[in-house]
Amino acid sequence: MSSIAAKPSSSAEGLRPSREYKNFINGEWVASRTKKTFENRNPADRDDLIGTFQESDESDVSAAIDAAHKAYESWRLTPAPRRAEYLYRVGDILKRDKEKIAREMTREMGKVLDETKGDVQEAIDMAFLAAGEGRRLYGQTTPSELHNKFAMSVRMPLGVAGLITPWNFPIAIPAWKGMAALICGNTVVIKPASLTPLSVVMLAEAFEEAGLPKGVFNVVTGGGREVGEPMLKNPKVSVISFTGSTQVGRDISIACAPTFKHLHLEMGGKNIIMVMDDADVDLAVDGALWGAFGTAGQRCTAASRIAVHAKVYDQFVEKLAGRAKKLRVGYGLDPNVDMGPNVSEGQVKTVEKYVKIGLDEGAKVVAGGKAITGKNDTWDYSKGFFHEPTVFADVKPDMRVAQEEIFGPVTAVMKINSLEEAIAVGNGVQYGLSSSIYTRDVNKAFTAMRDMYTGIFYVNAPTIGAEVHLPFGGTKATGNGHREAGVAGLDVFSEWKSIYVDYSGSLQRAQIDTEEI
Ligand code: UN1
């Protein structure tokens, strides 16, 4: 392992020195049995080696699962309000270290510091939300149809939860899943995305500092095939929660079927902003810019399509293109930068591929369109994976750039002539995560709210910006019917037990010994 100083720019002071990170299994930091590691480098500066991480395999995963399985017996019996105490502590630790953690996350994942601070904040919010649930976890009590009989339903934990998490929200999404799993009484084995393992290591460090009992939260780093797949097959894992691509989600679904694992999938999106002729166009441009280029477009919720009413189309396109061209792209720890790099070379190549596809299909690039490779007085772009914020105009709804998830700084603007047309275009994709409308007409807002078949909907705001106390997830190829975060997220990590207590002292037969009225 080389010892390149972890200091890609003067603004990056205070970052961790490069080192080898271990797996977190049964409360200990341990090396993989493979004795192999992989490198984690800064996507803005490939010369910056953040660290090396364990290239684990099935034996490490099974050790983690065994530890989690063993820890489950006492964790499930720990009263939920006591379990919550650990989560409150983790929330406090993350709050204390928010800036420090966020800086490492920008270095690891690329998005600008304000956004990684938001990512840590989302994890803090989730820790406190889940901790609060420790004193609720409400079930129902309900009358029995029989005399002297009591009926109720309670949430039961499932066992070991296997979490497979993405690189775009490298601490928020592990927290969405992990906090909900833990408060319900499950134990956790998490496989973080190989592009952002440090974020989850930092979360594990917070759990360690909080004194979480050994084996309750475990982290195993490594590839999908070597670490993810064995988790899907292991009979000691009861529930899998995955965020990632629709293709991988489908494979996971198939792999989980033989053992009937509970499964939560959060997959692709092709989210739309609809701008009506009565909209505040400047507000819509602000929203579109943030929705499309926040996180360099690498959000499941990114506004990758914009349908604009013909009456305001030219004005909107001109303003959006003008603003997109002005966005300052660079290293996310530079406070003057608006948009960071793509997370990897593969991601930037995908963006370039789609720009070409869009041009070949006849769409017009009105801003951006190219990877950034040169050097200026702020950054040497050849060291990272940068792409210009790109706006396609004159896109037709059936073009591939308007149908397929690109997961990069590219948005496709289409012209529509009515609300009905906007809704038809909006719903005319395989995904159904998020959508939004800009209008001053309450009737249009409510119609779209009702008719857009997406799991999340915004009025006069872009497609991104979900808060943790509401359910997060989507319809169609975006999800498999579950939601995470909110109270709905508890459903992924618990199942219902209905309990009847007969205190009549005699046999009472349901449906039979009831009085005829
Ligand atoms: C994601 O893109 O996978 O609503 C998660 C948002 C964020 C979460 C995004 N709070 O955009």
Accessible surface of D92 - all protein chains present, 1.4 Å probe, nearest 10 Å²: 90 Å²
Cubic angstrom per residue, convex hull over Cα atoms of the range 58-178: 146 Å³
Fraction of accessible area attributable to carbon and sulfur, the chain (%, probe 1.4 Å): 51 percent
Sequence of M449, M109 when ordered by accessible area, the most exposed leading, probe 1.4 angstrom: M449, M109
Global geometry of the chain, whether rounded, prolate or oblate, following the gyration tensor of its Cα atoms and the 1.5 cut on a/c: oblate
Where labels lie 7 Å past Cα in the beta-carbon direction, separation of S74 and K370 in nm: 6.2 nm
Trypsin sites (Lys or Arg not before Pro) restricted to DSSP loop in the range 240-283 with at most 12 other C-beta within 10 Å: none
Amide H contacts under 5 Å for V275, placed H, 5+ residues apart: A307, V308, H309, Y438
Peptides 467-475, 272-280, 140-148 ordered by average Cβ neighbours within 10 Å, highest first: 272-280, 467-475, 140-148
Of all DSSP beta bridges in the range 272-459, antiparallel share, percent nearest 5: 20 percent
F407 accessible area, assembled protein chains, probe 1.4 Å, Å²: 40 Å²
Candidate residues S74, S494: accessible-area rank, largest first, probe 1.4 Å: S74, S494
Which of V429, V248 is most accessible, then next, and so on - probe 1.4 Å: V248, V429
Rounded to 5, percent antiparallel among DSSP beta bridges of the range 122-196: 45 percent
Among beta bridges that DSSP assigns inside the chain, antiparallel share in %, nearest 5: 45 percent
Gyration tensor verdict on the range 369-475 (Cα atoms; rounded if a/c is under 1.5, prolate if a/b is larger than b/c, oblate otherwise): prolate
Heavy atoms of W176: accessible area, 1.4 Å probe, square angstrom to 10: 20 Å²
Per-residue [θ]222 nm for the chain (sum of -39500 (n - 2.57) over DSSP H runs n ≥ 4, rounded to 500): -11000 deg cm²/dmol
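Would you please name the trypsin sites (Lys or Arg not before Pro) within the range 466-517 that are DSSP coil residues with at most 12 other C-beta atoms within 10 Å of their C-beta?
Those satisfying the criteria are R509.
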Rounded, prolate or oblate (a/c below 1.5 giving rounded, otherwise prolate when a/b exceeds b/c) for the range 297-356 by Cα gyration tensor: oblate
Modelled FRET efficiency - R0 56 Å, E345 with F150, Cβ distances, 0.05 increments: 0.35
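Can you give me the accessible area per residue for the range 280-329, using a 1.4 Å probe, in Å²?
Normalised by residue count, the accessible surface of the range 280-329 is 36 Å².
The values are calculated or read from the model by the stated rules, or taken from the named source; none is laboratory data. Predicted, not measured: the structure shown is a model, and the values here were computed from it. Methodologically, a virtual Cβ is constructed for each residue, glycine included, from the backbone with ideal geometry; neighbour enumeration extends over all protein chains shown. Only protein heavy atoms, including side chains, enter the accessible area calculation; ligands, DNA and RNA are left aside. Shrake-Rupley method; radii C 1.70, N 1.55, O 1.52, S 1.80 Å.
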